[in-house]
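Notes follow once the structure below has been shown.
The numbers here are math on the coordinates, done by the rules we state, and not lab data. These numbers come from a predicted model, not from an experiment. Note: ideal-geometry Cβ built from the backbone for every residue, glycine included; neighbour counts use all protein chains shown.
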Amino acid sequence: MNPTPRKLEIITIASALFKDKGFSAVTMRDIAKAMGIKAASLYNHIKNKEEILTFIIISLAEEFINGIDEIKEENNTCIDKLKKIIALHVDIATRNTNGMASLNNDWMHLKDQLDYYLTLRVNYEDTFRTIINEGIKKNEIKSINSDIMLFSILSTLRSLYIWIPQKEDMNSSLLATNLSEVLLKGINK
């Protein structure tokens, strides 16, 4: 879906409201007020707030799946692939903290696209786990339960949208490097 500039403006404003108040608490009237227009005018551009949420979540989920699929196919070590996955998360979270809040907190409100989203999410996690398991098999990664590793890394990456806005001077490349160091090597000296 390629939104018009006006629709993209609506999505941008709505995503900030969804992050601040939660999807369920935001009304079309709230979105219109934030835009300085009447609620009825919004319906010239969108059907409802569910359409906005669907666009936000599905486009982000597709960006993640496309990114990890490219990384998986590269001829790199598994550690290098994991570093690139971490950088992917940092990049997307830095560019779209509001959308990431919806992806993490409001996905269950998807209606028509919920099954599609869940499929994308499972495929993403499966690919991530496959890279970890391949690293274990190649003796690049410690032989620890891959689900625990996946959970530990993804828990941090999925919460970046909360932390990044508080670090205005944060260089995203340096953040990705430092996160890779901590998440993949630990903090032991």
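Round to the nearest 10 and give me the degree value, 0 to 90, for the angle of helix 146-158's Cα axis relative to the longest principal axis of the chain. Taking the Cα atoms of the chain, the angle to 146-158 is about 40 degrees. This ranking places 107, 163 by how few other beta-carbon atoms lie within 10 Å of each, fewest first, which gives 163, 107. Kindly identify segment 5-71 as rounded, prolate or oblate by the Cα gyration tensor criterion: order the square roots of the eigenvalues as a ≥ b ≥ c, call it rounded if a/c is under 1.5, otherwise compare a/b with b/c, prolate if a/b is larger, else oblate. It comes out prolate by the Cα gyration axes. Between the listed residues 57, 76, 89, the Cα displaced farthest toward the positive end of the dipole of segment 50-185, a dipole computed from Cβ unit charges relative to the Cα centre, is found at 76. The calculated 222 nm mean residue ellipticity attributable to helices in the chain amounts to -23000 deg cm²/dmol, summing -39500 (n - 2.57) over DSSP H runs of n ≥ 4 and dividing by all residues.
For segment 110-172 versus segment 47-82, the inter-centroid distance based on Cα atoms is 11 Å. Which one, 174, 156, 34, is farthest towards the positive end of the dipole of the chain when Lys and Arg carry +1 and Asp and Glu -1 on their Cβ? Ranked along the dipole, the leading option is 34. Amide hydrogen proximity for residue 140: with H placed 1.01 Å from N in the peptide plane, no residue at 5 or more positions away or on another chain lies under 5 Å.
Subtracting the Cα-Cα distance of residue 125 and residue 189 from their residue separation scaled by 0.36 nm leaves 20.0 nm. Residues 70, 63, arranged from fewest to most other Cβ atoms within 10 angstrom of their Cβ, appear as 70, 63.
Going by the alpha-carbon gyration tensor, a ≥ b ≥ c the square roots of its eigenvalues, is segment 50-185 rounded (a/c under 1.5) or, if a/c is not under 1.5, prolate (a/b greater than b/c) versus oblate? Oblate, because a/c is 1.5 or more while a/b does not exceed b/c. Residues 41, 172, 143 in ascending order of nearby Cβ atoms (within 10 Å, fewest first): 143, 41, 172.
Between 73, 51, 140, the residue with the greatest mean-square fluctuation in the GNM of the chain (Cα pairs under 10 Å linked by springs) is 73.
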